[in-house]
Structures are given as structure tokens and as C-alpha cells.
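Asks: One structure follows; several queries about it will come next.
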Amino acid sequence: MLGVHKDGRRILFPIEWKYVEAFGNENKAADDPRKTRKSRYENLIDHSGQLQSTSHDIYYYEPFYQLMRQTLWVEQMISNKATETVKADDYIHIRVIPSANNELLKKVYPCSNNDMEGTWRSCLKDQSKYHIVSPRDLFSPISSNQYRALAQYLEMRYW
């Protein structure tokens, strides 16, 4: 999603919905005999404006692998906006996760000994660019009488 701030900046909102997803403890870099993943991402991580580059290992475990790739993708869109179809100046990364999804939110990941949010936030330079929101909070603006039927459908479907 793309929004235009009142100051004229174009802000990209990459949104990922995590409904009932849970992840194992697989290291995607270790299972890559040709080292393709590392060769693809290491330099981008080192030059990222958002990702800490002290230890890259954590970025190859899910769900952090997905988050790393999304962050690098949006950074590349912004830095190459002259040639991109969607032109953006900044971004805010949104993850929609039901607050009851404890398998994702509360799991302690062996690669960090922390939960998902704590682990990912420790990888970020600018905390304001990453937000976790529940479906209920995301759709609260449409809960008025005018959109009651839509709000009820979404509530039944997503939380």
C-alpha cells in the first residue's frame, strides 16, 4: 500500500498478514550448499539503513528470514525509485498478527533466546519503521454503523 503524507512524502506500507503461521528452527543458510542465500543478502544487509549488521545468522531463521527479505526489498524500492513503478520516499513495515497467535508471538526462538517481536526489534536500527497490529485494531476504523456488516464479516473471518 502507498500513502502520501501531508508533507508530500510518499510512504510505502508493506503489509504481511500472519494468521495461524508457526515456524520451525531451520537455518536456511546452513541448508544452502551453494551459499546462494548468503551471497545474495550479505552485502545488502551490510549496507541496509534499517538492519543491524553485527550478526547475520539470525536473518536466516524464519520468521526473520521473511522479515529481512521484506525490509531489503522495500529499501531497494526506495533507493531505486527513479526506475521503480511505485515511487516511495520512506516506508513503515506492518505485520498483522492476531494477539492470540501465541505460537508466533510468544515462541522463544533458539537463535536469539527471545520471542519474535523482541528478536526482530533487536535487529532494527529504527524501531518506528516496524509495527505489529492485531486484525481488530487494524479494522477498528470501519467498525462504525456505516460499515457494520463488513466489520462483522472480517471479525468472523480473521479473529
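The values are calculated or read from the model by the stated rules, or taken from the named source; none is laboratory data. Bear in mind the structure is a predicted one, so any value in this text is a computation, not a measurement. Methodologically, a virtual Cβ is constructed for each residue, glycine included, from the backbone with ideal geometry; neighbour enumeration extends over all protein chains shown.
Asks: Those residues that are modelled with pLDDT of 95 or more and β-branched (V, I, T), I need them from the stretch 115-159; list them, please.
Replies: Across the stretch 115-159, the qualifying residues are T119, I132, V133.
Asks: Which residue pairs have Cβ atoms under 7 Å apart, sit 6 or more places apart or on different chains, and have a first residue in the stretch 1-28 that is of a type in the set (D, E) and surrounded by 12 or more Cβ atoms within 10 Å (Cβ to Cβ) and a second that is part of a strand (DSSP E or B) and at pLDDT 95 or above?
Replies: E16/R95
Asks: Where the second residue is assigned to a helix (DSSP H, G or I) and modelled with pLDDT of 95 or more and the first is under 17 Å from G49 (Cβ atoms) and lies in the stretch 101-127, which pairs have Cβ atoms under 6 Å and are six or more apart or on separate chains?
Replies: Sorted first by the residue in the stretch 101-127, then by its partner, the pairs are W120/L67.
Asks: Can you tell me how many residues within the stretch 22-36 are assigned to a loop (DSSP other than H, G, I, E, B), of a type outside the set (D, E) and over 13 Å from H56 (Cβ atoms)?
Replies: Number of matching residues: 6.
Asks: State the number of residues belonging to the stretch 37-60 that are exposed (fewer than 14 other Cβ atoms within 10 Å of the Cβ), outside any loop (DSSP other than H, G, I, E, B) and of a type in the set (S, T, Y).
Replies: Count: 1.
Asks: Among the listed residues A100, A82, A88, A151, identify the single one that is aliphatic (A, V, I, L, M), assigned to a loop (DSSP other than H, G, I, E, B) and in contact with a helix residue (DSSP H, G or I) (Cβ under 6 Å, 6 or more places away or on another chain).
Replies: Sole residue among the options that is aliphatic (A, V, I, L, M), assigned to a loop (DSSP other than H, G, I, E, B) and in contact with a helix residue (DSSP H, G or I) (Cβ under 6 Å, 6 or more places away or on another chain): A88.
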